[in-house]
Structure formats: structure tokens, C-alpha cells
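Q: My questions will all concern the structure given below.
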Amino acid sequence: MLLLAASLSASEQEMPSDVRLELTTLAWQHPIKGLYYINGGEVQELKAYSGGFSMPIDYQGVPIIRFYTNKESLTLPPEERPLPNGIAKLDPTMKHSLMIFLPKSKEQFEILIHDFSQESFPTNSCRIFNYSGLDIVFALGDQPIIQAIAPNETVVIKQDELADQNKMVKVQLAQQGKEAARVVYRSTWRFDNQSRASVFVLPAPNDQSSVQMRKFVERGLRFEASKTVQSL
């Protein structure tokens, strides 16, 4: 088999040689196993689930992580390894990163990186990713907080007044039509100081002029004290 050397770009060469941070994973379509990478100088298997986020993983290593389905590839010198099955380019300033694995082919993945720290995404909040290609509007509460979200925009909506209590909050999602917004979703969501929700708004599978929603809730969170990501 022809082995291809993976050359470093100028931006990679400017990055710190090693970082320490936490990683959380999410598989967008199907659970992932049998994907290997180097963590703390050792080969480890990464697992990602499609029904929810993984537990945080302590990671120490280079900020450009290359994943392989063939574990033996990682025993080779870096310049002799084949092309990886996926590459995650971590931001060294993030102390906790979310990696979303999107399948490109049977064994190839695109990996999206988002800041998953409580500083950027606290409890008592929901973070909304608008991947629908449409303008949408979220409304939360009896006297609602109105949040318009453009295509490909991500926003965090906080419920700070709920810091010491559990509460069910009215939620409405509308999509912007040619003349007026049309409500396409109504429900009540629980907010509290030990949970947060990630919401992905996507095109409806059989109607690109409408939307669907996937929601993932983390519960039992504790306040995350501020700390600095270490570059080694």
C-alpha cells in the first residue's frame, strides 16, 4: 500500500506542540467505535454516540488530532502514516471542546469543533445551532425572550433568573416566511442550574422549506470553575 506523508501547514506549525483540555464527542448519524488516536502518548480508541454526548475525555497531545480506523497506523512514524480517516483541529484556547463527527463516506469523517466550556455555554441556557438554511425565531418564557437566528448562526440563550430553581419554560420556534414568521414548534422545557440544552435546527427531511429539530440535554452538571487551558 502506498503511504502518503502528511505535511504540516504553516498554521499547524504555529500552534503549540501540546495542549491539555477536555473533549466531548457526538456522532451525528451512527455510533462510532474502532477509531483510534494518540492521547497522552498512548494509542486510545475513541467512541462517540448518536443519542447524546460522551463523558468528557482528558486529552493531552498535539492540537491537530488525526484519527485512524487501522490502529496499526499509529505505530508508524508520523511521516509514514497513511491519510487519516478524520482530522480534528482543536483551538488551544478552549479548555473544553465538543467534537461532532459527520460521516463523509463509509470510513471518512468531517469533524466540527465547538467550545463546550461553561464559560461560553453555561447551565440554565440553551445553545441553538441554525443549520436549516432558513431564518428562524426562538421565543422563551411567558414574557418571551425573542431571539432571531440567521442561517449558520449559533446563539446561546440564558435563563439567569432561574439560577436557584427548577422551572418549566414555554418555548416556541418559528421560521421566517415570505410575509410573517410561522410557528412550527411549541413545548415547555425545564431549565435549572445543573443542566443545559444543545439544539440543532435542520432542514426537514422531505421539505427543504421547513425545519426539524434535534435536542440534547446534559443533566447533573456542576459549576465549572474558571481555569486556563495549558499549552505544554
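The values are calculated or read from the model by the stated rules, or taken from the named source; none is laboratory data. Note that the structure is predicted; figures quoted are calculated from it, not measured. Reconstructed Cβ throughout: ideal geometry from the backbone, glycine too, with neighbour counts over all protein chains shown.
Q: Kindly provide the set of residues from the range 21-38 that are among the charged types (D, E, K, R) and over 15 Å from D115 (Cβ atoms), ordered by number.
A: K33
Q: Another question about this same structure. Looking at the structure I just gave you, is E119 closer than 30 Å to D160 by Cα and either of a type in the set (V, I, T) or in contact (Cβ under 8 Å) with a residue 60 or more places away in the chain (or both)?
A: Considered against the rule, which asks whether it is closer than 30 Å to D160 by Cα and either of a type in the set (V, I, T) or in contact (Cβ under 8 Å) with a residue 60 or more places away in the chain (or both), E119 comes out as yes.
Q: If you don't mind, there's one more thing I want to ask. Take the conditions surrounded by fewer than 19 Cβ atoms within 10 Å (Cβ to Cβ) and within 16 Å of L221 (Cβ to Cβ) and apply them to N193. Does it pass?
A: Spelling it out, N193 is indeed surrounded by fewer than 19 Cβ atoms within 10 Å (Cβ to Cβ) and within 16 Å of L221 (Cβ to Cβ).
Q: Residues that are within 20 Å of the chain's Cα centre (by Cα), basic (K, R), surrounded by 15 or more Cβ atoms within 10 Å (Cβ to Cβ) and modelled with pLDDT of 95 or more: does the range 156-167 have at least one?
A: No, every residue in the range 156-167 fails to be within 20 Å of the chain's Cα centre (by Cα), basic (K, R), surrounded by 15 or more Cβ atoms within 10 Å (Cβ to Cβ) and modelled with pLDDT of 95 or more.
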